[in-house]
1. Which condition number does V203 fail, the rest of (1) surrounded by 14 or more Cβ atoms within 10 Å (Cβ to Cβ); (2) farther than 30 Å from K148 by Cβ being met?
2. Using the structure shown, decide if S549 is outside the structural domain of D435 (by the TED database), polar (S, T, N, Q) and under 30 Å from L434 (Cβ atoms).
3. Is it the case that some residue within region 216-228 is farther than 19 Å from E258 by Cβ, in contact (Cβ under 8 Å) with a residue 40 or more places away in the chain and open to solvent by less than 10 Å² (accessible area, probe 1.4 Å)?
4. Can you tell me which of F328, F300, F349 is within 22 Å of Q398 (Cα to Cα) and assigned to a helix (DSSP H, G or I)?
5. Against the condition surrounded by 15 or more Cβ atoms within 10 Å (Cβ to Cβ) and modelled with pLDDT of 95 or more, how does F141 come out, does it pass?
6. Going by the conditions given, is R525 assigned by the TED database to the domain that holds V552, open to solvent by 50 Å² or more (accessible area, probe 1.4 Å) and either out of contact with any Ser or Thr (no Cβ under 9 Å at 6 or more places or on another chain) or within 23 Å of G437 (Cβ to Cβ) (or both)?
7. Residue under question is D538, and the condition is that it be open to solvent by 20 Å² or more (accessible area, probe 1.4 Å) and at positive phi; does it hold?
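The values are calculated or read from the model by the stated rules, or taken from the named source; none is laboratory data. Everything numeric here is computed off the predicted structure, so don't read it as measured data. Cβ placement follows ideal geometry from the backbone for every residue including glycine, while neighbour counts extend to all protein chains displayed. These accessible areas exclude ligands, DNA and RNA; they are computed on the full protein's heavy atoms, side chains included. Shrake-Rupley method; radii C 1.70, N 1.55, O 1.52, S 1.80 Å.
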Amino acid sequence: MTHFQKLKKPSILKWVSSYFVENQLKPPFWQTGSFHIAQRQNPRLYRTKRSVVTENSDKTMFSDGENVARIPRATLKEAQAALLEYLHSTRSIHFTDAENMSKNSPHFLQKLLKKVESEKDVGSSMTRFLRYHPINEFEPFFESLGLKPCEYSPLLPRDLMFLSDDCLLLENYRVLCNYGIERNKIGKIYKEAIQVFQHEFGVLPLKLQAYQELGLSQSFMAKVIVCGPHLLIGDVDMKFIKVLEILRSVGFDYAWIEEHLSEHDSYNWSMILRVLNFFSEMGGRSELHGLISQHPGLLFEGSGYRMLSLIAFLLKFGSPLDQISSTFLQFPEIQVGQFVSNFIKCFLFLHEIEMEVNEIGKIVCSYPLLLGSIMLKKTNSLLGNLNVGKRRLCKYIQENPQELSKWVMGKRVVRLPDSGEDIKSQRLRMKFLLDLGYGENPNMIKKALKVFRGRGGELQERFDSIVNAGLDKKDVSEMVRVSPQILNQSKDIIQKKINILVNELGYPLSSLVSFPSYLSYTTQRVRLRLAMYSWLKDQGKAEPDLALSTIVACSDKLFLRQYVNHHPSGPQVWQDLKGIDIVREE
């Protein structure tokens, strides 16, 4: 029996969450309320296109995903020229840098234009404005590096306005430009690894040179640095080098690696190395090459985190390594993120229909490819479309797991045929009601069918549990006729409440005959009321030997008025008792 099979159903989600923490993986999606299937670790929530110039248009449109501003082409050119003149001639910023800032900071220009009074002579007006109103040069600078205002605002230096005041920033920026990294991608490096721009003079070139001396080309490193700026912090990242060595040893060249890296992602080379080591343990080099060449996303999507989380999930369920290896060798043509999303949704579906924990484990271990390849409809939708209850659905899936593939998004779900068990259950329900004496009045049977919940066999089982506690069958029949709702709970709960009544509270079993509704109340309510009543008796503020029904059945408002408030300290004692474990629901 695996560790998973020992778990009880209520703790299953807590267990899965804790396992991710134990293995230093990110928390699973249900802890945050939404599932993480994004294909980027730092997803952009805006359009990446900076400007759109339409044909036969004299206006340029800038969009930040929230608002759109249209600036006439002539106005734009005058504004850019005025800003360039100010940055280069007045502020002595290198011409190439100044030109890049003026041409690639549309949001900043839009903000400046709102402050310029004249709309006819924009260039002169902006020049005059800049002469008397120095700007925060870091704003157009960061925007020209590819950052949006919402991204660079938290990064603006608090006590600086002029770029010349941060010599290290400019020096390291120019080192990266000269190395071949596009200016509009340097902003990503700054946002993710600001330490790169705090290196002392001459340090950054040495770090870049160290990687080139290992045989890595300048063009390759330019791409890799944008994807993983932390490579330029500290010494040479040996885990990165090890990843490259393993990939090259199984037949992948630098061009292939560069092709499959996305500049929109930030890679964790330590995580990728863990994935490669796991694959190496599963099979030989030929298998590793075939697997990664067919499914590079296993390695690069989320730095392999999604794949590792899936492996951890399967291992905890008890899947052997050779079976997990077989699963990945047969991996379908689907993105890893989508596969994991489908897999987890199927797992949650089985949990939501209240399938037993060990049965969920069997399906997860036996059909991982099926669960990851299908996008199931929502649970409530399936229950309605299939016209079936949770219990029957669990049994049907256990016997026909492949049927899950028919209940996916975009497909029409066919209702399950009527089950012989439903007919048998209805017959047992009717027999149970006739045995209780409802057969004398058809109207009573109709009402009873609406009140009783559960299958016929379950109702009889619950009834027998009360009889087996020591009561006469006739008395129990009368109890059910008076309070039919007492059978709308499981046998275990009924037995628990009887045990509390007799062994904990000290009431005779016969008190159930006169007050059968006791079984309908929560143990929390009963314990709290009786604890308060006992205290009031000790204080001489309550009559002794009150009936159980008198104490438990009245409303909270009436109980407070007639009993609790009769003593000055009663309300405080009442609140204190609510916090004691002995009166809490188990």
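1. Condition (2) is where V203 drops out.
2. yes
3. Within region 216-228 (the criterion being farther than 19 Å from E258 by Cβ, in contact (Cβ under 8 Å) with a residue 40 or more places away in the chain and open to solvent by less than 10 Å² (accessible area, probe 1.4 Å)), the answer is no, since none of the residues qualifies.
4. Criteria check complete, one pass: F349.
5. It is true that F141 is surrounded by 15 or more Cβ atoms within 10 Å (Cβ to Cβ) and modelled with pLDDT of 95 or more.
6. yes
7. Against the criterion (open to solvent by 20 Å² or more (accessible area, probe 1.4 Å) and at positive phi), D538 does not qualify.
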